[in-house]
Structures are given as C-alpha cells and as structure tokens.
1. Here is the link list: Lys115/Lys188; Lys479/Lys621; Lys365/Lys667; Lys209/Lys550; Lys54/Lys239. Which ones come out longer than 20 Å on Cα distance?
2. Rounded if a/c is under 1.5, else prolate if a/b beats b/c, else oblate: with a ≥ b ≥ c from the C-alpha gyration tensor eigenvalues square-rooted, which is region 15-91?
3. Taking the Cβ of Phe225 as the centre, find all other residues whose Cβ is under 13 Å away and add up their charges (Lys, Arg: +1; Asp, Glu: -1).
4. How would you rank 82-94, 585-597, 738-750, highest first, on the average number of other Cβ atoms within 10 Å across their residues?
5. If you line up the long axis of helix 374-399 against the longest principal axis of the chain, both from Cα atoms, how many degrees apart are they, to the nearest 10?
6. Per the helix-only calculation at 222 nm, which mean residue ellipticity applies to the chain, given -39500 (n - 2.57) for every DSSP H run of n ≥ 4 and division by its residues, nearest 500 deg cm²/dmol?
7. Quick one: length gained pulling Lys188 to Val117 fully straight, 0.36 nm per residue minus the C-alpha distance?
8. Take every Cα pair under 8 Å in the chain that's 6+ residues apart, average their separations, divide by the length, and report that relative contact order as a whole percent.
Amino acid sequence: MLKNFFKTTFRTLAKNKTYSFLNIFGLAIGITCAALIFLWVEDEMNYDNWNVKKDRLYAIANNQDYDGKVFTFDGVGSNATPGPLAAAIKAEIPGVANTGRISQHENTLFSLGDKSVYEDGTFIDPSIFNMFTIQFIEGNANDAFRQLYSMVITEKMAKHFFGNESNAVGKTLKADNDKSYTITGVIKDIPENSSVRFEWVAPFEIYLKQNDYLKTWSANSINTFVELMPSTNTASINKQLYGFIQKKQPTSNSRAFLFSMNDWRLRDGFNNGKQVGGRIEYVRMFSVIAWIVLIIACINFMNLATARSEKRAKEVGVRKVMGAGKKILILQFIGEALCMSALAVIAGVIIVWLVLPLFNTLVQKQLTLQLGNPLHILAMIGITAISGLIAGSYPALYLSSFNPIYVFKGIKLKNGGASLVRKGLVVLQFTISIILIISTVIIYQQIQHIKNRDLGYDRNNLLSMPVRGDMIKNFDAIKQEMLSTGAVENVALNSMNTINTGDNGPISNLEWQGKNPNLNVLVSFRSITPGFIATAGMQMREGREFVNVKTDSANMMVTEAFAKLMDKGSPVGKVVTFNGTHLTIIGVVKDFVYGDLYGSPDPVVFACLPQYASFLYVRIKPRQNTEQALAKLEGVMKKYNGAYPFEYSFVDDQFNQQFTSEMLISKLSRIFAVLAIIISCLGLFGLAAYTAERRTKEIGIRKVLGASIASVTSLLSKEFIQLVFISSIIAFPVAWWAMHGWLQNYAYRITISWWVFITAGVTAMLIALVTVSFQAVRAAVGNPVKSLRTE
C-alpha cells in the first residue's frame, strides 16, 4: 500500500508540473525565510550560553537620578562602578560566591620583532577566570597572574604572533612600544555570541596602578561582576545593594542592583530606571515574520489544491466506489501534502546553504546550518509536518467529502465554500504583504529622518584618529604639517568621540553663582584644543571659542542646553566651579546631537585641556581626492608618530554605525516584503491559470460573439483586483496601528503620511494585475474554435 501511495503521489506531481513547481517552490521560499530567521533567533537566544554559570552571573548596574530623570548604567560595558565595590560586596553581603572587576576595553598595539598588531583587550581580576567559563589551552587560571606584567591571550592572538607554534607561554610581547608582557596562558577564543569579548587580559592591578583614583568610592569607572551562590534570593541581594554605595560614599547618587547575564543581550533597555525590553523585541518581531511568511507559503498550497479539486473529482469517485473510506482519502491527500512539504524542505535547505554567506554578511554573524544538530533536525521535521498539515488539511477534508454519485452523473460540484475559502486566503496573503510594504517604507523614512537631522556639526569630510604615542606632544607640529599639505582645512584634539556620550565623560558636580541647590544634572565634559569648533563644523551662538591653550586654560565653553540651566541672560563671563577649579565661560556653542541620536541634545561643557585628548580630528577640504588626502596624512603621522600604524575612521561612517539595529530591520523588512509579494503572486498566478482553464468554453463563446481581448482580460482580472482592494482596506488600519506603536520608541520621529498607504495599496494592485493579466491575456488570445471543439 505504501508503494502504491508513493507511486500515486509522484504520478500526480509529474502530471501537473506547473502546479507542483508553484507549490514546492513557494513553500521552499517560505521555509528558506523561516530557516534563516530562526538561525538568527537561535544565535541571539544563545548569547552567553557558553558560560556554565550563566544563571548565577550578574553585572552590577546602577541607577542615577539627575533632575528627576533616572539614568541607568547596565554594568556590562558602561564602566560605572567604583573600584572598591567588588571586594566590599564579597566581604559584606551573604550569598555572594565571587566578584571580579573588568576595566574599560583598550585597543592596544602589540609588537614582536617587525610584527605589530592592534588587539582588543582589558584588565581583569583573576577571579574572572573562574566566574566565566574560560578554557585554558596553555597554562592555568591559578598561575596566570602570579607576576604583575603577565598576560593571557586567545588562540587567535597567539596565531597572529606565533603562527602554529605549540607553546606561547613564556614568550613576551611589547605593548604600545613601552611595557613588555610575559604570556602566562593561552585560552580558547571567546565565542562571537558573547557580551564580554577580548583577545587579551592582564592583571587589574596594572590598571589600578595607572589610575590611582580607582581606589576611591567617588570614581565610577569600571565594570563589577558578581557570582551568586546557588539558590540565592536576588531580591534580598538587591535590597542590600540599594544603599550599599551610599554607606561608603554618602554623596554618591548611585543605586546599585543586579543585572542578570540572561538579560545582557536581549533585555538591556531601560527607561527612567525601569527595565523595558531591548533586542528581545526584534527577536519576537522577526519570529512572528518567519511564521507569517511560512503561513503565506502554506496558503498557496491550500488555494491551489482546492482550486484543482474538480480535476480530481473522478479520481475521488472511483476510489470511493472501490471501497476507500473518508479516512483513507484524508490520509492520502495529507500524505501528498507532507511529501510536497518534504521536497520543499529539501529545496529550502539547499537554498539556505547557497544564500547563508550573503545572509551572514547582512546580519554580521557567522551562522551555520549545523545539519547534524538534533535541534535543527527536529526543526526540519517540525516544519515539514506543520507545513504539510496546515497546507493539506482543508484540501483533504474538502476532496474526501465529494459524493461519487454526483461525480459520475456529471452534476457540477458545489464548491462555493471552497471558493470562499480561496478568496479569504488570497485576501489574507495580500493583507500581510501590504502591511509589510507599508512597514518597510515607514522604517526607511524614520532612518532617513534622523540621518537628515541637523546634528549641530558637519560629519562630512571629517575623520578622527585615536591618540597614540607622541601625538599630543607633537600636536602643534602635526597640525602645521597637515595644514601645509593643502588637503586639510583644520585639525584639533578632543577627549571624547563626537557622536557618542562617552561613559567616562559625564559629570554632575558643577557649581555656579545662583544655581538652584536642588538642581542635579548630568553634563558631558570634553577637553579640546583651539580650533575644534571649526574643525567639527559646529557653530558659536555667543562669545568666542578657544584661541590659545595657555590663556584659555582657565576658561570654558558651554552649549545652549547648559546655558538654559543657568540664570536668565547671557552666561558669558560667569564662573563655573568644577572640583575646586574656577572656569570662566567665554562662549556658547550651538547644541549638537550625540549619544541618543533620537533624543534632545544634552548639555556639554568644553575645557581647553589638550593633555586629556583621546582623538585627533581632521577636516579635509571639500572636493579633495580622498585617497590622496589620506596618503598625505599618513605621511605626516609616520613622521611624527612612526611607531604606530596609521589608523583613522570617518565620522560619517561612525554615524551610520549608530543605526545598526534599525538598518538591519529596514533591510530584512524589505527582503521579506518582496518575498511575501513573490509568494503571494505565485499563488495568484496558479489561481489565475486555473480560472482561465475552468472558463475556457465561456471565453471561447464570448470571443465568437465579438468580445475583445481587453474585455476578456478585464473579466478574468476583475475578481482578483477586487480581492487585493479588500486586502488594502484591511491592511491600512492594522499597519498604522503597528507602526504608530513602533515609532513611540523614538523621541525624534516622523509623522505617518497618508500617501504611504495609498502607494502600498496601488503597488500591490499593480503587481497583482500584472501577475493575473499574463494568464488572462494568454487565455484571451487563444483560438475560440479550438477551445470550443476541445471543450
């Protein structure tokens, strides 16, 4: 019987090649989309799973209240806890198994002979080795930091310097052309889907030695991690942490709490001190889209199978007369659907294998199929079963319900119910497709809205270089020589990246005459050199900018947002006190957007302190050849800072990187919208072919009576266009509701325009019209004599 089943199934597929192709290819596209999305979702959900103690590991986050607004520093990369906190928590709070500190990351130049490579790393307490699941290939955690200037590196870094040599332990590398570090261990590479990654680690004591202020409770500059004992109550720990820092530093504005490793990747969003979600929203959204695209593909099968049911009416009748019961027929047709689904899954896996490299480039991951993974095997079986059952359920029930007497007597079968279902499914398909089109347009508009926003500075032709070696010491010579190349308009130093907030930049202890004693605001502090305002393309609203380092060392500039915090009137000439130092305001800078690019500009103060600079900014002249200009700049840097490779980045590129998540949503939504339309049109194409075939005799009679090709085409197309119109009416309010809710996440946002909906609806109708018209015209131009004779 099984042999007969497969023979019948494949005979049916071969007999209806176009129908079979449309079904299998449509399902394959849907399965491909779902598979790619679920691979991405799996990677996101597995973030940090390489840590065995994941459920017991926490970062110390903290809330800080400034002028009624609570700012949250999540503790994973925000460097916002005091140095002594880790040891104090372990000693004083029961239930804490271990604590460890990690400094801010540093991109350090390591040298070995003629080879110099920048590697990202950090300084850590040795306890981190045992808290995180870090596997040593050479050396061990207990001996790694027995000497001060020691270092543990990853396999990848070891290969960079030592190739495939078996033992790197005991060898030395020079850091930043200064200190030599002895390698005491080699560890396995940290997985890509990890919140905390590095290529090297060194003892935290070195960092502490370099930054003595970290020994105090008043400096929030590092990350603190905690491992709890099993079954420890986190609520109890949080209760003790709430006022813990205040007991050590009464003036502190920091309220500490535990932030679970389970939430570091997906639930790192905070609003006014409350956890509000994060990347998990994207995971949920794309999971829903995956199922939607898969369901659209299944709808095609249901539509085409029910549409062609009359073609199989005699087969069903013969089977029933021969004794086949309804149950057998249902199993037969669902079995056929499962076979087609299995073929589609196989085709989908092949397509996924082909497009996965491109998808990895798009999502910036290294996803793999892992066909041997039991979870992936179960997923393929599950998709096959779900797709086959969803796609084959209604056709099976419908076909098995035929009355064989009606079939053999030639009585036309009543298929009004099936026709209604087909129309409903077509409406559902195009409703979803139109919603995706509208969403894609609005997401694109929102991204362009912020990109075209007046940022308060000119990001074009502006590049930055990290300060290395003797760049500050030789700054005057570097600036003059760069200007003399003729390719450069201006050069200046800055302590902060222009477009970022900088976790080590905000301060709150500024005082001035007449300040409201209850006013406590977070202000970004930046140390710059004269000429920075012009270099960055910022504008002065009042007063002047710095002109000389010596004469302006006791002066400061403020932005408009800071000026509003002071008394009414001009702030120029007023004195601001910072850590006992009195600085006179000499100018007001137009507000510029940084950090949260969707929010309002926060207050900033500028001091003329080049010794604290971290970035050198260069404004290239307009219409300069970029490659030639960079070559000239590289020549200058080799002359004055030759021990370090020439490295730079354009501010425009840095700005675009701020929209990684939004750009990913935009690109994926465009792809899925196009695929949803393609899948829907495949179904529409098959239905139009069936309709034309079913009405062959009618078309022939109409043409004999004088009907034109245009009128016949219109007759066959009208019904489908009406269905797409109904889809538009349903899709418009749903899309508005969904996108209106999404836009509420952004303070600086667009207003949804009515023309977006009209454009999406008209686009869908035009696509549907082209799809249907192909079959309609084909039927209309046929020879009516031939069709009437054969019919």
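Read-outs: derived from the displayed coordinates by stated rules, not from any lab. Quick caveat, the model's predicted, so the values are computed rather than measured. Reconstructed Cβ throughout: ideal geometry from the backbone, glycine too, with neighbour counts over all protein chains shown.
1. Lys115/Lys188; Lys209/Lys550; Lys54/Lys239
2. It comes out prolate by the Cα gyration axes.
3. +1
4. Averaged packing, sorted descending, gives the order 585-597, 82-94, 738-750.
5. 30 degrees
6. So the helix-based figure for the chain works out to -16000 deg cm²/dmol.
7. Extending this stretch completely gives an extra 23.6 nm.
8. Relative contact order comes out at 14 percent.
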